[in-house]
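**Q** Okay, handing you the structure first.
The values are calculated or read from the model by the stated rules, or taken from the named source; none is laboratory data. Just so you know, these numbers come straight off a predicted model, no measurement behind them. Methodologically, a virtual Cβ is constructed for each residue, glycine included, from the backbone with ideal geometry; neighbour enumeration extends over all protein chains shown.
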Amino acid sequence: MADYKSLEHGSTVIVVKTRPELCYVLEWCELNGKHTSKFMYSVDSFPICLSVDGDMVGWTDRMDRALYYKPFLEFIGDIT
């Protein structure tokens with residue numbers, strides 16, 4: 001994976017590998033006023049990458065679609 005930049009960078013995604021990680025990021029997004037799809041809570045194929053830049057959460061299950069990949073634990077370190 002490539003180095004990553006801040007969450008505000010449009011080409012940075014958060015890599016989640018489990019359902020608890022996914023739910024944590026989605027709940028954080030909702031608490032911060034970002035729109036999420038209820039469908040995203042039912043994803044069961046991992047890893048998945050979440051883009052949290054802007055007002056709407058985006059996602060991809062391809063690991064070659066972003067410039068910067070931020071591991072979940074690094075995301076936690078950034079927001080705490």
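**Q** Tell me which residues, restricted to region 46-80, are under 13 Å from THR12 (Cβ atoms), among the acidic types (Asp, Glu) and modelled with pLDDT of 90 or more.
**A** Hit for region 46-80 is GLU74, nothing else.
**Q** Do we have any residue at all in region 49-68 that's in a helix (DSSP H, G or I) and loosely packed, with under 12 Cβ neighbours inside 10 Å?
**A** no
**Q** VAL43 versus (1) at pLDDT 90 or above; (2) out of contact with any Phe, Trp or Tyr (no Cβ under 8 Å at 6 or more places or on another chain); (3) of a type outside the set (D, E, K, R); (4) surrounded by fewer than 19 Cβ atoms within 10 Å (Cβ to Cβ): which is the lone unmet condition?
**A** (2)
**Q** Going by what's in this entry, would SER11 be described as over 11 Å from the mean Cα position of the chain (by Cα), surrounded by 13 or more Cβ atoms within 10 Å (Cβ to Cβ) and small (Gly, Ala, Ser)?
**A** yes
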